[in-house]
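The values are calculated or read from the model by the stated rules, or taken from the named source; none is laboratory data. For clarity, every value in this text was computed on a predicted model and none was experimentally measured. When we count neighbours, we look across all protein chains shown, and the Cβ atoms used for this are built from the backbone with ideal geometry, even at glycine. Heads up: the accessible areas ignore ligands, DNA and RNA and are worked out on the full protein's heavy atoms, side chains in. Shrake-Rupley method; radii C 1.70, N 1.55, O 1.52, S 1.80 Å.
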Amino acid sequence: VINVVTTADVRAAVGAARSAGRRIGFVPTMGYLHEGHLALFDRAREHTDFLVASIFVNPLQFGPSEDLARYPRDLDRDSRLAEERSVDILFIPAAAEMYPDADARIRITPGAMGDVMCGAFRPGHFSGVLTVVGKLFNIVAPDVAVFGQKDYQQAALIRRMVHDLDFPVRIDVAPTVREADGLALSSRNTYLDESARRQAASIYSGLQAARTAFGAGERGPAQLCDIVRTRLDTQPDIRVQYIELVDSGTLQPPVIANVGNVLAVAAFVGATRLIDNVIL
Ligand code: PAF
């Protein structure tokens, strides 16, 4: 792996690879890599033969009371893991490289798909995500970019952005990687103490219970959401932010639950906000 910090160096390296006939894969991350990210690298490798990953904790997507300053970072370990998973270029820009102009004004805004689910509770978040991902796509110019299903709304918005704004990149979404008890891997799991960590597993077991009920014929969106809520309400330190059933493409609520709908949860476990989802 070659670590680069400037957009000029990424462009030069990718340009050379492309001239040599290689297909470019890209996995954007905020670092503190775990097996979920590594699965995205492997997935990108299946479709491409030159792999670029980025590590950038994007200030634009954090609200004023969120965890930007304490977001976990370990660049040495990340570089080692990227090396092991044969990432070719690791792009680690400073904030001044990505946002050199203090008065930069242009943003990509998500529209109605950004008003539901996490977007309803994190004003500006998805505009920050789309803006940085749009920039990264323009810098890296990948053929394929891979995102994780855990951040379902993010992946759906990026698909939509690529479609609506004609970015010449194929978006691939990889299944969520989980701990043995079902907890979705997340860099934020590192914030959980032992008790919170144990309770956090009920997010996925609740989602599974609802999926089982759907399999057995339950079609009421409210009923399916209530199954998850009932599970989470038994945990003393979990506070649900939302449980929503949505259409996989538009993110709008269906009248009755259908195969392919997404059941998504955001919940605080102690002070840590976690998200997860399943597809019916
Ligand atoms: O999912 C993430 O880690 C981030 O939202 C992303 C896509 C790297 C944009 O900053």
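The table for this structure:
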item	result
Magnitude of the charge dipole, the stretch 161-280, Cβ model with Lys/Arg +1 and Asp/Glu -1, debye to 20	180 debye
Expected 222 nm ellipticity per residue - DSSP helices of 4 or more, -39500 (n - 2.57), all of the chain, to 500	-12500 deg cm²/dmol
q = 0.14, 0.17 Å⁻¹: log10 I(q)/I(0) that the Debye formula gives for the stretch 146-280, counting C-alpha atoms only	-0.64, -0.91
Solvent-accessible heavy-atom area per residue, rounded to whole Å², over the stretch 61-179 at 1.4 Å	49 Å²
Stretchable slack from residue 209 to residue 193, in nm (0.36 nm times residue separation minus alpha-carbon distance)	3.2 nm
Förster radius 25 Å - calculated FRET efficiency between residue 20 and residue 109 (Cβ-Cβ, nearest 0.05)	0.10
Selection from 40, 12, 26 lying farthest towards where the dipole of the stretch 1-60 points positive, charges on Cβ	12
Contour excess over end-to-end distance, with Cα ends at residue 70 and residue 242 and 0.36 nm allotted per residue	59.5 nm
Label zone at residue 223 (point 7 Å along Cα-to-Cβ), backbone N below 11 Å, the stretch 237-280	257
Gained length - residue 233 relative to residue 216, 0.36 nm times residue gap less alpha-carbon distance	3.8 nm
